[in-house]
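To keep things clear, I will list the structure first and then write my remarks on it.
The values are calculated or read from the model by the stated rules, or taken from the named source; none is laboratory data. If you're wondering where the values come from, they're calculated on a predicted model, not measured in any experiment. Methodologically, a virtual Cβ is constructed for each residue, glycine included, from the backbone with ideal geometry; neighbour enumeration extends over all protein chains shown.
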Amino acid sequence: MTAQRVNPSPLAGEGGLRRRRRAGEGARPLTRVARELRSRMTDAERKLWFALKDRRFAACKFRRQVPVRPYIADFLCFELRLIVEVDGGQHAESVRDIERDNWLAQNEFRVLRFWNNDVLQNLEGVLTCLAEQVDRTPHPSSRFRETPPSPARGEGKKADRAMSRNAMNSNRER
């Protein structure tokens, strides 16, 4: 026979009493930082966000302060793989920004940078520049597919079956 346990299992699991988590507690560090940045937007970011949110701009879905691996993007449209950064003077000729842009480019993101004062004083010009970039972007699914087979040129499923039948017949004749 098997021995019975003397002690019942603890009521709150193996670790004893558990406390409730607060909002954001236990989140990854970048997510926590992104949440904080969303609550402390600059005036320029707030103005641009008002123009981009809710698919107001070219029906594109933009998100703000999004973690993208080791970085946080100010505004990101995943569908277009387009990142919009709104920078202050501290970003002028920043080596870290150059490294960041290179990493994002290697991961197929395009980065557009605008100065705070451009957004605040010339939002229409910023949106025009952004619209030009959106127009240059190919349809997202075209990145993942090759040119479809052309039945007119003998390509496609029927042509593949016919070729495999011919190959089988030629093997039989040998």
- Which members of the range 73-103 meet the condition of being aliphatic (A, V, I, L, M) and in contact (Cβ under 8 Å) with a residue 12 or more places away in the chain? 73, 76, 80, 82, 83, 84, 86
- Message: Given the options 51, 73, 58, name the one that is more than 22 Å from residue 30 (Cα to Cα) and either part of a strand (DSSP E or B) or modelled with pLDDT under 90 (or both).
- Response: 58
- Query: If residue 130 passes every condition in (1) modelled with pLDDT of 90 or more; (2) closer than 23 Å to residue 69 by Cα; (3) of a type in the set (A, V, I, L, M, F, W, C) but one, which one does it miss?
  - Reply: (2)
- Please go through the range 79-107 and pick out each residue that is out of contact with any helix residue (DSSP H, G or I) (no Cβ under 7 Å at 6 or more places or on another chain), modelled with pLDDT of 90 or more and not in a helix (DSSP H, G or I). 81, 85, 107
- Limited to the range 36-72, what total is found for residues that are without any contact (Cβ under 8 Å) to a residue 24 or more places away in the chain and touching a strand residue (DSSP E or B) at 6+ places or on another chain (Cβ under 7 Å)? 3
- Considering residues of the range 73-101 that are surrounded by 18 or more Cβ atoms within 10 Å (Cβ to Cβ) and of a type in the set (A, V, I, L, M) only, the residue farthest from the chain's Cα centre (by Cα): 86
- Whichever residue in the range 102-136 is under 19 Å from the mean Cα position of the chain (by Cα) and closer than 20 Å to residue 42 by Cβ and, among such residues, is surrounded by the most Cβ atoms within 10 Å (Cβ to Cβ): 130
